[in-house]
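Report on the following structure.
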Amino acid sequence: MESDPHSLHPCLSCGACCASFRVDFSVVERSDHGGKVPDGLTVDVTDSFCRMRGTDHSPPRCAALTGTVGQRAACAIYEWRPSPCREFAAGSDACERARMRRGMASYPR
Ligand code: SF4
Ligand code: SF4
């Protein structure tokens, strides 16, 4: 299916990945270590790794996620989000799994 260039990006009506997976990354990405990710939105895992707060809750939901999954969603720290979020590919197998778990259709292509 060809996507309509005028429609909103599919992620803006999804957010499933931000409410599905643990998001762990190096503390050097965190604001208190000179990085960009606001430290108040993270929890320590080890001395060198931390996690986005809420991503290990049951059910998981990142503390930076705003809106309602499957309807309208956004990352409140988009410009400062950690590397796993930057590397997560829309339309990937993990994306499809997250959408499926939320009863959503496949990523539109
Ligand atoms: S699960 Fe996929 S479509 Fe949904 S927000 Fe994440 S990357 Fe975007
Ligand atoms: S930091 Fe932003 S992109 Fe990353 S999981 Fe949280 S809400 Fe999603």
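What the table shows:
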{"item": "Qualifying residue in the range 42-62 (condition: under 24 Å from H9 (Cβ atoms) and among the charged types (D, E, K, R))", "result": "yes"}
{"item": "Criterion: of a type in the set (D, E, K, R) and in contact with a Ser or Thr (Cβ under 9 Å, 6 or more places away or on another chain) - qualifying residue of D39, D56, D93", "result": "D39"}
{"item": "Hits in the range 47-101 - residues which are aliphatic (A, V, I, L, M), closer than 19 Å to D32 by Cα and either away from ligand 2 (no atom under 14 Å from the Cβ) or assigned to a loop (DSSP other than H, G, I, E, B) (or both)", "result": "A63, A64, A76, I77"}
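Every residue, every condition in (1) at positive phi; (2) of a type outside the set (D, E); (3) out of contact with any strand residue (DSSP E or B) (no Cβ under 9 Å at 6 or more places or on another chain); (4) open to solvent by 50 Å² or more (accessible area, probe 1.4 Å), yes or no:
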{"site": "L12", "(1), (2), (3), (4)": "no, yes, no, yes"}
{"site": "G35", "(1), (2), (3), (4)": "no, yes, no, no"}
{"site": "V43", "(1), (2), (3), (4)": "no, yes, no, no"}
{"site": "M52", "(1), (2), (3), (4)": "no, yes, no, no"}
{"site": "S58", "(1), (2), (3), (4)": "no, yes, yes, yes"}
{"site": "G70", "(1), (2), (3), (4)": "yes, yes, yes, no"}
{"site": "M100", "(1), (2), (3), (4)": "no, yes, yes, yes"}
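The values are calculated or read from the model by the stated rules, or taken from the named source; none is laboratory data. Just so it is clear, the structure is predicted and the values come from calculations on it, not from any experiment. Reconstructed Cβ throughout: ideal geometry from the backbone, glycine too, with neighbour counts over all protein chains shown. Ligands, DNA and RNA are excluded from the accessible area calculation, which covers all protein heavy atoms including side chains. Shrake-Rupley method; radii C 1.70, N 1.55, O 1.52, S 1.80 Å.
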